[in-house]
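Below is one structure, written out as structure tokens, with a few remarks after it.
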Amino acid sequence: MLKPMIGGIVGALLYFPPVAAQPQVAQLNPQILSQIFAPKGSEEAISPLEIQQFAQALKQLKKVEMETQGKMVEALKEENLSPQRFQEIGQRRNNPDAPVSTEITPAEQERFDKALAKMQTIQEESIPKQRRAITLQGLTVERFSQIGQAVNKSPALKQQVQNSF
């Protein structure tokens, strides 16, 4: 339950131009972005304080995401893989017919597997930080998700959040 919710939280970062303007954030995994704000049911009124808390949580989540991405880039460097080559190998893994610039050697596949394992660990380690970024602003993860869902549906709420940045 938490992973899709956190994926939605990360996806929320792309909804706000001050955050989305960062190229590192704009390169998030499309699978994460597809999990934006799973419906949670209750959509009670959102107070101005909650809008501000939500915006502040987004700022903190951006910092966590930037830190996480930096660690992932380091994991790729440790395995001597460029982000482009990592992505290319990953696409080939998911689709054997996907084009690659050069054939994948067994050593390169091994480095990919190691980097992928490191990246999964880094992502898992970021979940408590993401949760903390939300709760330190006075929201529960569930309430943050509810607000995010409402903001996603309402241009007026989206504008209020952008004004809170």
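Odds and ends about this structure:
- Any pair with Cβ under 9 angstrom, 6 or more apart, that starts in the range 89-116 at a residue that is among the aromatic types (Phe, Trp, Tyr) and ends at one that is part of a helix (DSSP H, G or I) and surrounded by 10 or more Cβ atoms within 10 Å (Cβ to Cβ): Phe112/Arg85; Phe112/Phe86; Phe112/Ile89; Phe112/Gly90; Phe112/Arg93
- Selection count, the range 145-165, where residues are under 12 Å from Gln52 (Cα atoms), part of a helix (DSSP H, G or I) and touching a helix residue (DSSP H, G or I) at 6+ places or on another chain (Cβ under 6 Å): 6
- If you go through the range 48-82 and pick out every residue that is within 21 Å of the chain's Cα centre (by Cα) and touching a residue at least 12 places away in the same chain (Cβ under 8 Å), you end up with 23.
Just so you know, all these numbers are worked out from the coordinates, no wet-lab data involved. Everything quoted here is computed from the prediction, not taken from an experiment. Don't worry about glycine lacking a Cβ; one is built from the backbone with ideal geometry, like all the others, and counts go over all protein chains shown.
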